[in-house]
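Since the structure comes first, as structure tokens, the remarks are kept for the end.
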Amino acid sequence: MHHESKIIESILREVGNAKKVKVIVGELSGYTVEEIKKALEIRIDCEVLEKKGVVKCECGFEGEPKILEKEHDFVFFECPSCGKVPKILKGKNVIVKEICV
């Protein structure tokens, strides 16, 4: 089973018999736009976009994290200011944004 299989099945259940779907993939979600698009486009017309991550650190920094490593199912990131692991404010989820029937 591919890493993205569960999220793809969840999206397809949510959109039902839609003709087209727009999906937003968070940069810090552990998924890539490419893998979600590849898995979806064989089943439905789709537009897949990435949403940049936004984090907040205890040092006071708020903004885009420093991505250290991004692999098939995980993202390692840190605060670009102090190097600690910040809290994710945006960019953690995969969201169905629009459904066209």
Partnerless Cys - the chain, beta-carbon criterion under 4.7 Å:
46, 100
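Based on the mean of other Cβ atoms within 10 Å per residue, sort peptides 62-71, 48-57 so the most packed one is first.
Numbers: 62-71: 13.6, 48-57: 17.8.
So the peptides 62-71, 48-57, ranked by packing, come out 48-57, 62-71.
State which entries of 20/56; 6/84; 6/87 exceed 29 angstrom in Cα-Cα distance in the structure shown. Show your work: numbers first, answer last.
Details: 20/56 34 Å; 6/84 31 Å; 6/87 25 Å.
20/56; 6/84, as the Cα separations exceed 29 Å there.
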Straight-line reach from residue 22: which aspartates and glutamates have Cα under 19 Å away, leaving out those fewer than 8 places along the same chain?
4, 9, 14, 34, 35, 41, 45, 47, 50, 98
For the chain, what is the calculated [θ] at 222 nm in deg cm²/dmol (nearest 500), taking -39500 (n - 2.57) for each run of four or more DSSP H residues and dividing by its residue count?
-6000 deg cm²/dmol
Once label points are set 7 Å from the Cα along Cα→Cβ at both residue 13 and residue 34, what is their separation, rounded to one decimal in nm?
2.9 nm
Can you work out the Karplus-derived ³J(HN,Hα) for every residue in the range 59-64? Use 6.51 cos²θ - 1.76 cosθ + 1.60 with θ = phi - 60°, whole Hz, and x for glycine or proline.
6, x, 5, 9, x, 6
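Have a look at the DSSP beta bridges in the range 5-100 and tell me what percent are antiparallel, nearest 5. Don't skip to the end; give the middle numbers.
Details: 15 of 22 bridges.
Counting only bridges with both partners in the range 5-100, antiparallel ones make up about 70 percent.
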Unit charges on C-beta of K, R, D, E only; dipole of the chain, Debye
300 debye
Top of 85, 33, 21 by mean-square fluctuation, Gaussian network on the chain, Cα under 10 Å
85
Correct option for mean projected area of the Cα convex hull in nm² [calculated from the coordinates] among [x] 6.3; [y] 5.5; [z] 6.0:
[x]
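All of the numbers you see were taken from the coordinates with simple rules; none came from a lab. If you're wondering where the values come from, they're calculated on a predicted model, not measured in any experiment. All Cβ positions, glycine included, derive from the backbone under ideal geometry; neighbour counts span all protein chains shown.
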